[in-house]
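First up is the structure itself, then whatever we jot down about it.
The values are calculated or read from the model by the stated rules, or taken from the named source; none is laboratory data. Every value quoted in this text rests on a predicted model; they were computed, and no experiment measured them. So basically every Cβ, Gly included, is an ideal-geometry build from the backbone, and we count neighbours across all protein chains shown. Protein only, heavy atoms only, side chains kept; ligands, DNA and RNA dropped before computing areas. Shrake-Rupley method; radii C 1.70, N 1.55, O 1.52, S 1.80 Å.
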Amino acid sequence: MNDTPVEEMSFEQAMAELEQVVQKLENGQVALEESIQLYERGDALRKRCEAKLQAAEEKVAAITTDAAGNPTGTKAFDAQ
Amino acid sequence: MTTALFTHSDCLGHETPEGHSERADRLRAIWKTLEDPAFEALDRREAPLAERSELRRVHPEAHVAAIEAAIPAEGHVSLDADTHVMSGSLTAALRGVGAVVSAVDAVMAGEVSNAFCAIRPPGHHAEKATPMGFCLFGNVSIAAKRALDHHGLERVAIIDFDVHHGNGTQDLLWDEARVLFCSTHQMPLYPGTGEPRETGAHGNIINAPLPPMADGAAFRKIMEERILPALDDFKPELVLISAGFDAHRDDPLAQLNFDVEDFVWVTEKLCDIADRHAGGRVVSTLEGGYDLEALAASTAAHVKVLMERGA
Ligand SMILES: [Zn+2]
C-alpha cells in the first residue's frame with residue numbers, strides 16, 4: 001500500500017491503487033477479516049478520485065474564452 | 001411438535017487466537033439469549049460427534065486427514081490468514097457436522113418440525129479440499145447429502161443469507177442437480193465469488209449479490225424477485241438454511257444494513273416455502289455473525305419464528 005495519505009494523493013496515485021484494491025477484492029486473494037478494511041480503503045480512494053475529478057471539472061468550467069474561443073484566463077474565484 | 005436446538009459445549013473448544021472475529025463468545029452469546037423463558041419449549045439436544053463417513057459425503061478423506069494432521073498439541077496452527085486450528089478444533093467441527101446430520105434425521109423422522117444448529121466453526125466457505133474463511137467442513141452441504149443419499153429425498157434447497165458468498169457450498173454442490181443452492185451476499189467482498197453468472201453445472205445455483213450498503217428492502221426485493229419464485233418452482237422436500245447474521249447493520253465484517261426484522265421476514269418466507277412443499281421441514285445452521293449483540297438478537301428472532309411455525 002502507498003504511504004501517501006489518501007487526502008494528499010494525486011488523481012493518478014489514487015486511481016492506480018483503487019484499481020489494485022478492486023482487483024484484489026474481485027479475485028478473492030484477501031483474508032475474510034481484512035476484506036472489509038480493504039473495501040473501506042477502496043471507498044476512500046474512490047472518494048479522493050471523485051473529489052479530484054470534480055475540482056478539475058470546476059476548473060474547466062471556469063475557463064473563460066474570447067470571441068474566437070481562445071482561453072483568456074479563469075474566473076476570479078479560481079485565482080486564489 | 002416442536003423446534004429442536006442442536007448444540008454442544010465442545011464447540012467452544014475451537015479456541016481461535018485472541019482478537020479473532022470467529023470466537024467462542026459468539027456461541028456463548030447465543031446460548032445466553034436462548035436461556036430466556038420464551039425459548040423454554042425448545043427441544044434441546046446434544047450434538048453427537050459425526051462419523052467420518054459423513055464428512056466423506058462431500059470431502060475427500062485426504063482433506064479430513066490434512067486437517068487432523070495440522071492440529072497441534074498446544075497453541076494454534078494457521079491453515080490460511082483467517083482459519084486456525086488448535087487442539088479442540090476437530091472435536092468442535094465434528095460436533096458441528098454431527099448437529100446438522102442429527103437435525104436432518106430428527107426432522108425427517110418427524111420427531112420435531114424443524115431445527116436450529118448453534119454450532120461453530122461455521123462451514124459455508126470450506127471447499128472440497130480447502131479449509132478457508134473460518135470453515136473446516138461443509139456442514140450444510142453434508143446435511144443436504146445426508147437428506148438425499150440416506151433419507152432418499154430427491155430435492156433439497158439451501159438458502160444462504162450470510163453476508164459472504166457460500167463459495168464452499170457452491171464448490172461442494174456445483175454438479176448436484178438434486179440441490180438448489182441460493183445465496184444472497186455483499187459484493188464486492190470476501191471471498192470474491194458469487195456472481196449471478198455462476199449457476200452450477202445444472203442451473204442448480206442462484207447467486208444474488210447485493211452492493212455495499214444495501215438494506216433490508218433491497219434484500220427482500222431480490223428474494224421476492226429471484227429466489228422465492230425459484231424455490232417454489234423447485235418444490236424442495238427439505239429446506240436448509242445457512243443462517244449467517246453478518247448482514248446485520250452492526251456487523252463489523254461487512255456493510256449490508258439488515259435489521260433483525262429482515263431476518264424474521266426471510267425466516268417466515270422460507271417457512272412458507274417449506275409449508276407448501278416440504279411438510280414444514282426446515283433445518284437451519286449457524287454460519288457468520290460477528291457483533292455479539294446483533295448476533296444474539298438476530299439468532300433469537302430467527303429461532304422464535306422457527307418455534308412459532310413448528311409449534
Ligand atoms: Zn459471513
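A Cβ-based charge dipole, computed about the Cα centre of the range B:169-277 with Lys and Arg at +1 and Asp and Glu at -1, lands at about 220 debye. Applying a length cut-off of 20 Å (Cα extent along the axis) and a mean Kyte-Doolittle floor of 0.5 to the DSSP H helices of chain B leaves B:89-108, B:292-310. A simple charge model with +1 on the Cβ of Lys and Arg, -1 on the Cβ of Asp and Glu and nothing else charged puts the dipole of chain A at about 240 debye relative to its Cα centre. Which FRET efficiency, nearest 0.05, do B:D275 and B:K221 yield, Cβ-Cβ r, R0 25 Å? My answer for the efficiency is 0.65. Considering only GluC sites (Glu not before Pro) in DSSP loops that have at most 11 other Cβ atoms within 10 Å, the longest stretch of chain B without any of them is B:155-311. What residues of the range B:163-208 lose no less than 50 Å² of accessible area with every protein chain in place versus their chain by itself (probe 1.4 Å, heavy atoms only)? SASA drop of 50 Å² or more in the range B:163-208: B:P188, B:Y190. Under 19 Å from a point 7 Å along the Cα-to-Cβ line of A:T4: which residues of the range A:43-72 have their amide N that close? Those under the cut-off are A:43-57. Relative to the longest principal axis of the Cα atoms of chain A, helix A:32-62 runs at roughly 0 degrees. The local environment of B:A81, defined by Cβ-Cβ distances under 15 Å, has a net charge of -4 under the rule Lys, Arg +1 and Asp, Glu -1. Accessible surface buried by the B/A pair amounts to about 1200 Å², both sides summed, 1.4 Å probe. Solvent-accessible area per residue in the protein assembly as shown equals 41 Å², computed with a 1.4 angstrom probe and all protein chains kept. Return the tail of the calculated pair distribution for the range B:149-227, meaning the percent of Cα-Cα pairs more than 14 Å apart. That tail contains 59 percent of the Cα-Cα pairs.
Counted by Cβ distance under 15 Å from B:M213, the other residues give a net charge of -4, where Lys and Arg count +1 and Asp and Glu count -1. A simple charge model with +1 on the Cβ of Lys and Arg, -1 on the Cβ of Asp and Glu and nothing else charged puts the dipole of the range B:205-248 at about 60 debye relative to its Cα centre. Taking each DSSP H run with n ≥ 4 as -39500 (n - 2.57) and averaging over every residue of the protein assembly as shown yields -12500 deg cm²/dmol at 222 nm.
Accessible surface of the range B:3-310, 1.4 Å probe: 48 percent of it comes from carbon and sulfur atoms.
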